[in-house]
1. Could you tell me whether the range 18-60 comes out rounded, prolate or oblate from its Cα gyration tensor? Rule is a ≥ b ≥ c as square roots of the eigenvalues, rounded for a/c under 1.5, then prolate if a/b exceeds b/c, otherwise oblate.
2. Full-extension gain between Lys62 and Ile82, please, as 0.36 nm times their residue separation minus the C-alpha to C-alpha distance.
3. Starting from the eigenvalues of the Cα gyration tensor, five times each then square-rooted, give me the equivalent ellipsoid semi-axes of the range 6-87, largest first, whole Å.
4. In what sequence do Leu16, Leu39 fall when counting other Cβ within 10 Å, fewest first?
Amino acid sequence: MSDQPIEELERRCPRLGSPISFRYCLMSGEDDFVCWKVLDCWWETFDVEGYLKNNMPESVFKELMAKADQPKNKISSIIEIIEKVKKK
Ligand code: SF4
């Protein structure tokens, strides 16, 4: 990994279909909270779980982990994939 600040790392967002920075992911969820897909999207790039754990209050981190594990989010992912396929 380069010396680039983590917040400036970029990837293609599966929800928007365009490149975004990690900074965007930190505030693109409900009520400007972290996007619930942040672990799925970034775990291959860097230790995103460790980053979040070190940079947010423990209670907020636990809330995020709980959201990430909710089955409804898996259903939302499936719906997103179906919508993408329909657009093609
Ligand atoms: S974490 Fe959310 S905003 Fe960031 S790339 Fe993934 S889906 Fe997009």
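No value in this document is a laboratory result; all are computed from the given coordinates. Computed from a predicted model, the values in this text were never measured in an experiment. Ideal geometry is used to build each Cβ from the backbone, glycine not excepted, and the neighbour counts take in all protein chains shown.
1. Numbers: a/c = 2.00, a/b = 1.10, b/c = 1.81.
The shape class here is oblate.
2. Working: separation 20, 0.36 × 20 = 7.20 nm, distance 2.98 nm.
Extra length from Lys62 to Ile82 when fully extended: 4.2 nm.
3. Three semi-axes, in Å: 21, 16, 11.
4. Working: Leu16 10, Leu39 17.
Lowest count first: Leu16, Leu39.
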